[in-house]
1. Over the range 197-252, what per residue volume does the convex hull of the Cα atoms give, in whole Å³?
2. Please list, in chain and number order, the residues 5+ apart from Ser579 or on another chain whose amide H is under 5 Å from its amide H, with Hs placed from the backbone.
3. For Gly609, enumerate residues with amide H under 5 Å from its amide H, sequence gap 5+ or separate chain, H modeled in the peptide plane.
4. Expected output is a single nm value to one decimal: the length gained when fully extending between Ile454 and Val240, i.e. 0.36 nm times separation in residues minus the C-alpha distance. What is it?
5. Using 0.36 nm per residue, how much length does the chain from Asn186 to His95 gain when fully extended, once their Cα-Cα distance is taken away?
6. How do 267-278, 388-399 rank on mean C-beta neighbours within 10 Å, highest first?
7. At 7 Å along Cα-to-Cβ for each site, give me the label-to-label distance between Thr478 and His251 in nm.
8. Only four residue types carry charge here, +1 at the Cβ of Lys and Arg and -1 at the Cβ of Asp and Glu. Report the dipole size of the range 219-321 about the Cα centre in Debye, rounded to the nearest 20.
Amino acid sequence: MKLTRKQWLMLTVLVLGAFVTVLNQTLVTPALPSIMVEMSIDQSTAQWLTTGFTLVNAIMIPITAYLQDRFSTRKLFLTSMGLFAVGTLLCGLGHNFPMLLGGRLVQAAGAGILMPVTMTVLMLVFPVDRRGSAMGIFGLVIAFAPAIGPTVAGFVIDQADWHILFYAVFGLSLVIIAASIFLVDNKAPANRGDSVLDPLSLVLSTLGFGLMLYGFSALGSQGLNVITAGTTVIGIAGVVWFFVRQTRLPHPMLRVDVLKNRRFLVGTIIGMLVQAALLAAGILMPIYIQSLHGLSATVSGLVLMPGAILMGIMNPIAGKLFDRHGPRKMAIAGMSLLTLTTVAFAVLNLNTSIIYLTVVYTVRMFSMALVNMPITTWAMNALDNKVMNHGTSVNNTLRQVAGSLGTAVIISASTMTQSAASPALGDAQGTMLGINVAFGVCALLCVIGLVMTIALVKDKPGEEAAVDEGGTRKSLLTSIMKTDVFSLPQTATVEEAMRLFVEKNISAAPIVDAAGEPVGFISDGDILKRLSPRRESFTDPIVLINRTVTDNEDYEQKLAKVMQMRASEIGAPRPICVSVHANLTDVCRVLAENHLKKVPVLEDGHIVGIINRSDITQYSMAAYLADHPQRALYCGEGEGPGEACTEGAAVVGK
């Protein structure tokens, strides 16, 4: 599928919007020490600038699925970027903590809408076989923010003032808003009216996710007490009630039933484990570098930069590999590397060199690229396009919850270990042991993810079957396709292909290897192209003058030459096929993009039938007329071709 120029520009604007929101997150963490000094607040208060952002972000994500069913992409994008820009300006102008925190919460409301909208558009605009590449490009842009954010923030903070960071993000936001007015599609949502805003669901979502994430965060900073435990329990109860209620409403605010799809559920859980390990490491690394090594924020950012850059480079490569080979090998390799590098962090000491730290962190981020986007794409591909917006919202919500919960548990483990060990070992050794234990917990999460990946993540051959629940698509294709399949061996000549076309009255055939698996495709159009007069342009390498040479070869000579060529030489170099589990939309796309009249149908890698354009046309007309009998024209017996027909029930094949 080739996207139009406008589609590419729209996707560019959407992805840049997501980039700015991620960049904003990476700029805030290095600024926390400066903010604490300027506003005379302690660490437990300052952490609400990140915790509060996470809370509001998670609260907004479930609502976004409903909003996407009610409003166009442009309206949602402008609203989210507008909120984000207003919040950013408040942060820049904030000279007291309440104003700064308020700005961060407004920022989070915009960011919570923006990310699911961007992911949904990516999944819907690109076809299934190119979604891996699309998500890889998305990951490249998003990964660039963590690559430059900490370093830029550290430099600005060391040289000037943290307010400048927010002013810069505000300026970028205004540019993106201006571009989106002209470039983002204002198309109405496909599922308008499918979702209904249920007031109780809204309350349960807001209070449930809010209290639960607050409780997890408070556990990390305040420890276990009546308030934190009670808040966490009430929050969890609210979330459970919210999920149960969505399954019973005729028009749920969030289609949580997407979790019944086994592949989507597995991919989401693995993504949650990776997210928890990623966010926790992002907090632990600056503490280790700045507190135990006594280095500046700028150096801390430079240590993290190579890993973020490599992850960004690898994301589109991983996406292309996913499109070709599926997720299994990449995900297993990625989770294995992630586990090993996390274990390496769990045995750090006070004398570990910065070079070693940088190398291990870089390999760790490389492993993230092999897991994160491919697993997310694999999970999302399991869903029907009609519920894609709900899938992205559920996936993002649960990843936010996992990130907050994982961070709370891991930081709590570090804090408790540090408190217990410091009296005997000293502050430095106590902090070091706390960091080791925290990374040990991260390693445990990675091991769980690795086991799930090995046991449950499968490659592409079974993907479409997993999506085709109940075999509905398979039944449809097998009912309308032709099962008489005529193919050519790899050694066949064009003459043999022509004889097959004439004898069997067909216009195209797949080329198969010795095992019977398709390796190419040849049609009568490929042969005609070879026989038609051709003009060949070339450039003289010395004088750089373009010349054109006309092909004046005699037709009979050309025909004789072409007949002796291998069919695989002039046919398509790759097999053009569709899965028996594909929907008719995908079949039509393959036929149209390749200008074909028919295409082979595969099951488990073997050809089981051929489907023609005429087969689809006849089926579509018959199905439509059967569903709309009042629009069908029925000509009764005795009426001639020139006589008028009367409206009545559709009679197919009469």
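1. Working: hull volume 3.1 nm³, N = 56.
Dividing the Cα hull volume of the range 197-252 by its residue count gives 55 Å³.
2. Leu602
3. Those lying under 5 Å, H to H, from Gly609 are Val601.
4. Gain on extension, Ile454 to Val240, equals 74.1 nm.
5. Values: separation 91, 0.36 × 91 = 32.76 nm, distance 3.84 nm.
Length gained between Asn186 and His95: 28.9 nm.
6. Packing order, densest peptide first, comes out as 388-399, 267-278.
7. 3.8 nm
8. 520 debye
Here, each number is a calculation from the coordinates, and none is a lab measurement. Just so we're clear, the structure is a prediction, and the values are computed from it rather than from any experiment. All Cβ positions, even for glycine, are placed from backbone atoms using ideal geometry, and neighbour counts span all protein chains on display.
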